[in-house]
Amino acid sequence: MADHFHTGTSAGASSKKAAMYQAVDSWQGFTAAEYGTDWARYRKASSKSAKCSVGPSGWSCEVLGRPCK
């Protein structure tokens, strides 16, 4: 998994904090479905990055990371 990244996204959140929470939740949900819950902890992921922006419909974020146990 050294070069295998997963992405989580959110859109339309009322705050940056909420958008980030939703994006991380998305990342963890997808990773858990693919590899199991042992791999689905964003805080343990390596090479993490996050981008957030605000628009007319609210905040959106995208997180990226490589799953780690």
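Restricting to region 3-19, give me the number of residues that are out of contact with any Cys (no Cβ under 6 Å at 6 or more places or on another chain), more than 17 Å from Phe30 (Cα to Cα) and not in a loop (DSSP other than H, G, I, E, B). Matching residues across region 3-19 total 4. Residue check, Ser53 against (1) surrounded by 13 or more Cβ atoms within 10 Å (Cβ to Cβ); (2) of a type outside the set (A, V, I, L, M); (3) outside any helix (DSSP H, G or I), all met but one. Which one? All conditions pass for Ser53, except number (1). Check off (1) of a type outside the set (Ser, Thr, Tyr); (2) at negative phi; (3) over 14 Å from the mean Cα position of the chain (by Cα) for Gly12 and give me the number that stays unchecked. Here Gly12 meets the rest and fails (2). For region 31-50, give me the residue count where each residue is surrounded by fewer than 15 Cβ atoms within 10 Å (Cβ to Cβ) and either in contact with a Cys (Cβ under 9 Å, 6 or more places away or on another chain) or more than 14 Å from Phe5 (Cβ to Cβ) (or both). Residues meeting the conditions: 7. Among the residues of region 10-30, those identified as surrounded by 14 or more Cβ atoms within 10 Å (Cβ to Cβ) and either under 9 Å from Gly58 (Cα atoms) or among the aliphatic types (A, V, I, L, M) (or both) are Ala11, Ala13, Lys16, Ala18, Ala19, Met20, Ala23, Val24.
Only the coordinates and a few stated rules stand behind these numbers; no lab work does. Just so it is clear, the model here is predicted, and its values are computed rather than measured. Positions of Cβ are backbone-derived with ideal geometry, glycine not excepted, and every protein chain shown enters the neighbour counts.
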